[in-house]
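Structure, as structure tokens:
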Amino acid sequence: MRLGGVQAQNKILNIGYFADGIWSHNAFKIIANDPNMQIRFICVKRGSDDKILAKFAADYSIELFRDCDINSPKFLAMITKFNCDIFDVI
């Protein structure tokens, strides 16, 4: 594939997925079926008991985070290992 005269690499887009609820379930299915994208972790909203996302995480062997302070240095250091290209917040 060529973009603007430059050869595009076939790179997988690594995604950190911050989500919960029906919209995130629908978006997850779209992303999971795209071979050019990979969800590296899922972080549900504090206090959420989203069983569907928990099942997706288990089915796809994706690490699931719950009740995290996403702004803490500890959490930020922890997610660095996933080498995400983008964070998707739904």
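The values are calculated or read from the model by the stated rules, or taken from the named source; none is laboratory data. Because the structure is a prediction, the values reported are computed rather than measured. Heads up: the accessible areas ignore ligands, DNA and RNA and are worked out on the full protein's heavy atoms, side chains in. Shrake-Rupley method; radii C 1.70, N 1.55, O 1.52, S 1.80 Å.
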*Considering only DSSP beta bridges where both residues belong to the chain, give the percentage that are antiparallel (nearest 5).*
15
*asked:* Compute a Gaussian network model of the chain, connecting alpha carbons closer than 10 Å, and tell me which residue from PHE65, PHE18, PHE75 fluctuates the most.
replied: PHE75
_Hits among lysines - C-alpha to C-alpha of LYS45 under 21 Å, sequence gap 8 or more where chains match_ = LYS29, LYS55, LYS74, LYS81
*Indicate the gyration tensor shape class of the range 31-90 (rounded, prolate or oblate), computed on the Cα atoms with a ≥ b ≥ c the square roots of the eigenvalues: a/c under 1.5 is rounded; otherwise a/b larger than b/c is prolate and the rest oblate.*
oblate
*Top of LEU53, LEU64, LEU76 by mean-square fluctuation, Gaussian network on the chain, Cα under 10 Å*: LEU76
*Scan around PHE65 for amide H atoms under 5 Å from its own, H built in the peptide plane at 1.01 Å from N, and keep only partners 5 or more places away or cross-chain.*
ILE42, CYS43, VAL44
_Accessible area (Å², per residue) of the range 31-73, counting only protein heavy atoms and a probe of 1.4 Å_ = 63
_Helix-only [θ]222 nm of the chain, DSSP H runs n ≥ 4, -39500 (n - 2.57) each, per residue, nearest 500_ = -9000 deg cm²/dmol
*Tell me, what is the percent relative contact order of the chain, built from C-alpha pairs under 8 Å that lie six or more residues apart?*
37
